[in-house]
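**Student:** Quick one: the structure is below, and I'll ask about it shortly.
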Amino acid sequence: MKKETLSAILVAAAIALGGCSGTSASPNQGEAGHYTIPLAENANAKHLRTVIDRAAEKAGWDVAVIDNTSSIASKYVDGKSASVVIHHGDGVIAFEKNRSTMSDSDFEDEVEGLQKAIEKALQAPQQH
């Protein structure tokens with residue numbers, strides 16, 4: 001119940017704040033807080049959601065679904081927090097900084113770890 005309440009609060013905060021806008025200048029990191037993973041093929045949304053959720057949770061992030069193609073992931077380390085909105089579709093997985101009480105470098109390290117975990121999960125053979 002506690003995790004469900006936290007997830008509901010995170011989703012409400014993400015929707016209320018609206019996240020950041022902008023485009024990435026490079027395939028992996030563009031403007032501050034924007035990261036992307038290009039997809040070799042258009043995987044179906046359900047498969048991407050499963051891969052993203054499992055990889056994020058394995059990397060220590062809590063994930064709450066916003067809609068069919070977006071989630072919010074949050075992580076707490078040493079009393080500091082970070083959250084990102086993850087969008088997937090149109091041949092890319094994109095990360096937008098939502099909120100953080102971490103230093104910029106710590107936030108970037110955490111999001112890069114999340115990105116690498118998802119990239120690794122995408123490269124793993126699909127299990128049926």
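Bear in mind that the values in this text are calculations on the coordinates, not laboratory data. Just so it is clear, the structure is predicted and the values come from calculations on it, not from any experiment. With ideal geometry, Cβ positions are generated from the backbone for all residues, glycine too; neighbour counts draw on all protein chains shown.
**Student:** Below 14 angstrom from the Cβ of residue 68, what's the summed charge of the other residues (Lys, Arg +1; Asp, Glu -1)?
**Tutor:** Values: positive: 46, 49; negative: 53, 67, 90.
So the surrounding residues net to -1.
**Student:** Using the 10 angstrom Cβ neighbour count as an exposure proxy, how do 106, 78, 67 rank, fewest first? Don't skip to the answer; put the middle values down first.
**Tutor:** On the way: 106 15, 78 6, 67 9.
Ascending number of Cβ neighbours within 10 Å: 78, 67, 106.
**Student:** Within 10 Å, Cβ to Cβ, of residue 87, how many net charges do the neighbouring residues add up to if Lys/Arg are +1 and Asp/Glu are -1? Working shown, then result.
**Tutor:** Working: positive: none; negative: 67, 90, 96.
Net of charged neighbours comes to -3.
**Student:** Moving to a separate point now. Under 5 Å between amide hydrogens, which residues at least 5 positions from residue 102 or on another chain qualify, with H placed 1.01 Å from N in the peptide plane?
**Tutor:** Correct list: 81.
**Student:** Can you give the extra length, in nm with one decimal, that the chain gains between residue 101 and residue 67 once fully stretched, where that is 0.36 nm per residue apart less the Cα-Cα distance? Numbers along the way, then the final one.
**Tutor:** Working: separation 34, 0.36 × 34 = 12.24 nm, distance 2.53 nm.
Net length gain for the segment: 9.7 nm.
**Student:** Peptides 80-90, 95-105, 52-62: what's the order by average Cβ count within 10 Å, highest mean first?
**Tutor:** Values: 80-90: 20.2, 95-105: 16.5, 52-62: 18.1.
Packing proxy ranking, top to bottom: 80-90, 52-62, 95-105.
**Student:** Expected output is a single nm value to one decimal: the length gained when fully extending between residue 90 and residue 39, i.e. 0.36 nm times separation in residues minus the C-alpha distance. What is it? Numbers along the way, then the final one.
**Tutor:** Numbers: separation 51, 0.36 × 51 = 18.36 nm, distance 0.86 nm.
My answer for the length gained is 17.5 nm.
**Student:** Shape of the stretch 57-97 from its Cα gyration tensor (a ≥ b ≥ c, root eigenvalues): rounded if a/c is under 1.5, otherwise prolate when a/b > b/c, or oblate? Show your work: numbers first, answer last.
**Tutor:** On the way: a/c = 2.39, a/b = 2.18, b/c = 1.10.
Note, shape of the stretch 57-97 comes out prolate.
**Student:** Report, in listed order, any pair from 97/120; 75/97; 80/120 with a Cα-Cα distance greater than 19 Å. Write down the numbers at each step before the final one.
**Tutor:** Values: 97/120 21 Å; 75/97 12 Å; 80/120 26 Å.
Listed pairs above 19 Å: 97/120; 80/120.
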